[in-house]
């Protein structure tokens, strides 16, 4: 799943999602689930800071992978 995100959204192919690339991913995801594609700046900032654990200003694959693992564990009751 994460590799597919990187193939689609890592426009400069540097192995990281910057804020512009991450915002496009979020907007496209919102559109796909029928929520429009608008996200408030503050909401985006909160989401980005959750993903960007090392505070580098970009999201690396391990950060995104860990986020999805936590989401799936929470959704399916695992710890």
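The values are calculated or read from the model by the stated rules, or taken from the named source; none is laboratory data. Bear in mind the structure is a predicted one, so any value in this text is a computation, not a measurement. Reconstructed Cβ throughout: ideal geometry from the backbone, glycine too, with neighbour counts over all protein chains shown.
Computed quantities for the displayed model
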| quantity | calculated |
| --- | --- |
| Close pairs from region 21-42: first free of Cβ contacts under 8 Å to residues at least 60 places away in the same chain and at negative phi, partner surrounded by 15 or more Cβ atoms within 10 Å (Cβ to Cβ) and in a loop (DSSP other than H, G, I, E, B), Cβ under 9 Å, at least 6 apart | 21/10; 21/58; 22/52; 22/58; 23/39; 26/39; 27/39; 30/39 |
| Qualifying position, being under 19 Å from residue 71 (Cα atoms) and in contact with a strand residue (DSSP E or B) (Cβ under 9 Å, 6 or more places away or on another chain), among 52, 43 | 52 |
| Listing of helices (runs of 4 or more DSSP H) fully contained in region 1-78 that carry 1 or more residues being modelled with pLDDT under 90, surrounded by 10 or more Cβ atoms within 10 Å (Cβ to Cβ) and over 13 Å from the mean Cα position of the chain (by Cα) | 19-32, 61-75 |
